[in-house]
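Visitor: The following block contains the structure, expressed as structure tokens.
The values are calculated or read from the model by the stated rules, or taken from the named source; none is laboratory data. Note that the structure is a prediction, hence the values are computed from the model and not measured. Note: ideal-geometry Cβ built from the backbone for every residue, glycine included; neighbour counts use all protein chains shown. Side chains included, ligands, DNA and RNA excluded: accessible areas come from the protein's heavy atoms. Shrake-Rupley method; radii C 1.70, N 1.55, O 1.52, S 1.80 Å.
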Amino acid sequence: MHIKNLIKYSLIFFMLFSGKILSAAELTNLTPGQVNKSLNNEALVIDIRTPREWQTTGIIPGSHPVKFFDQNGKYDTEQWLAAVQKLQSSPDQEIILVCHSGGRSGKVGKLLSKKLNMPNVSHLQNGIKSWIKEQRPTEKACTATQTC
């Protein structure tokens, strides 16, 4: 009886954890160097910060400013995804999220990868701060209400 229970629990354990590993998308933390390399490989870099933040520091050249949270911390996932999908060249294109220090992009990345099971989602670890700390270039952000 003991062996049967061991086999039974082993099978349950394997089914639970192997299915989770195979089906759940994982969020990847990237360094500024890895983001730069991914940009050259056609990744879609989305800066989820606010317009004020974009104006203060600029954005990573080649990235797209698409605000996720409003000033009250609320968000509309469907509206944001619709904006991102317009920018994507394919549904499986790598998406790299950027915020100020990595907190918000990490939360949004986990939402996209774990809850919505989106593949190929990463974020810039430590945010635009790490990009600037490495003295990498930024550019002025052009938004719908502002021309460049």
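Visitor: Please determine whether any residue of the stretch 75-84 is more than 22 Å from Pro32 (Cβ to Cβ) and of a type in the set (Asp, Glu).
Guide: yes
Visitor: So which of Gln85, Gln146, Gln125, Gln93 is at pLDDT 95 or above and not charged (D, E, K, R)?
Guide: Gln125
Visitor: If Ser89 satisfies every condition in (1) free of Cβ contacts under 8 Å to residues at least 60 places away in the same chain; (2) within 8 Å of the chain's Cα centre (by Cα) but one, which is the exception?
Guide: (2)
Visitor: Looking at the stretch 86-102, can you tell me whether even one residue there is farther than 17 Å from Ser63 by Cα and either open to solvent by 90 Å² or more (accessible area, probe 1.4 Å) or touching a Phe, Trp or Tyr at 6+ places or on another chain (Cβ under 8 Å) (or both)?
Guide: yes
Visitor: Given (1) touching an Asp or Glu at 6+ places or on another chain (Cβ under 6 Å); (2) open to solvent by 30 Å² or more (accessible area, probe 1.4 Å), where does Ala83 come up short, assuming only one miss?
Guide: Result: Ala83 fails condition (1) only.
Visitor: OK, next. May I ask you to list the residues in the stretch 51-67 that are open to solvent by less than 40 Å² (accessible area, probe 1.4 Å) and without any contact (Cβ under 8 Å) to a residue 40 or more places away in the chain?
Guide: Ser63, Val66
Visitor: Which residues, taken from the stretch 17-41, are surrounded by 12 or more Cβ atoms within 10 Å (Cβ to Cβ), of a type in the set (Val, Ile, Thr) and either modelled with pLDDT under 90 or not in a loop (DSSP other than H, G, I, E, B) (or both)?
Guide: Thr28, Val35
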